Amino acid sequence: MSLEFSAESKERIAALLQKYPTKMAATLPVLWIAQEQFGWVSEDAVRLVAATLEVPESHVHGVATFYTMYNKKPVGRLHIQVCTNISCMLCGSDGTLEAFEKRCGLKAGQTNEDFTLQEVECLAACGTAPAVQINDKYYEPVQADDVPALVDRLLAETKEGA
Ligand code: FES
């Protein structure tokens, strides 16, 4: 196996397992820890989670592929998810998505060095539409005019933190 959990991830997993009745029941949060450490859930990460939880790889693979919150491919430094469902669409999400495409230099569904841009279904933030999730934070509402400054700020922040 080519991947290993860091000492910090191992500590988090050990603490998590105290809260679950079985190791299998902790599959979702342990997959999340894997994604946080490795950036995405590769087949090696699936094998690592399965070995850690002592469950079949097929179970972990099934969970990882069922939920869209797990990235099955590498993502850019900023993983931008723009909701274009009905409430957001009525509040201008088409323009928001276009503005991200223009600023990031790619189309929805694509990844480049800095960005992954995705059009997604309802983010459950309909009351403050158009809603956008970037990495693990919500930004709402985000109109087309807000996009360039938001991207510039987050790029600068992630460079500082890199
Ligand atoms: S429709 Fe966009 S957050 Fe619900």
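Each reported figure results from applying straightforward, stated rules to the coordinates on display, with no laboratory input. Keep in mind that this is a model prediction, so the values were computed, not measured. All Cβ positions, glycine included, derive from the backbone under ideal geometry; neighbour counts span all protein chains shown.
Spin-label point model (7 Å from Cα, Cβ direction): what's the TYR20 to GLU36 distance in nm?
1.4
Out of the GluC sites (Glu not before Pro) in region 67-147, which ones are loop residues according to DSSP with at most 12 other C-beta atoms within 10 Å?
Answer in residue order: GLU113, GLU121.
Cα centroids of region 101-162 and region 39-94: how far apart, whole angstrom?
17
Kindly express, to the nearest 10 degrees and within the range 0 to 90, the angle between helix 7-17's C-alpha long axis and the longest C-alpha principal axis of the chain.
For helix 7-17, the angle is close to 80 degrees.
List the extent of the Cα atoms of the chain along each of their three principal axes, largest first, rounded to whole Å.
49, 32, 24
How much net charge surrounds VAL49 when only the other residues with a Cβ under 14 Å from the Cβ of VAL49 are counted, with Lys and Arg +1 and Asp and Glu -1?
Around VAL49, the surrounding residues sum to -1.
Taking the dipole about the Cα centre of the chain, with the C-beta of Lys and Arg at +1 and of Asp and Glu at -1, give me whichever of PRO141, ALA156, ILE80 is farthest to the positive side.
Selected residue: ILE80.
Would you kindly enumerate the cysteines in the chain that have no other Cys beta-carbon under 4.7 Å from their beta-carbon?
CYS91, CYS104, CYS122, CYS126
Using only the Cα atoms, work out Rg/Rh for region 78-161, with Rh taken as the Kirkwood radius, to two decimals.
Reported Rg/Rh (Cα atoms, Kirkwood Rh): 0.94.
To the nearest 0.05, how large is the calculated FRET efficiency for MET89 and GLU54 if R₀ is 35 Å and r is the Cβ-Cβ distance?
0.20
Which pairs break 29 Å Cα to Cα here: LYS10/LYS102; LYS10/LYS107; LYS72/LYS159?
Numbers: LYS10/LYS102 40 Å; LYS10/LYS107 37 Å; LYS72/LYS159 24 Å.
Long pairs (Cα-Cα over 29 Å): LYS10/LYS102; LYS10/LYS107.
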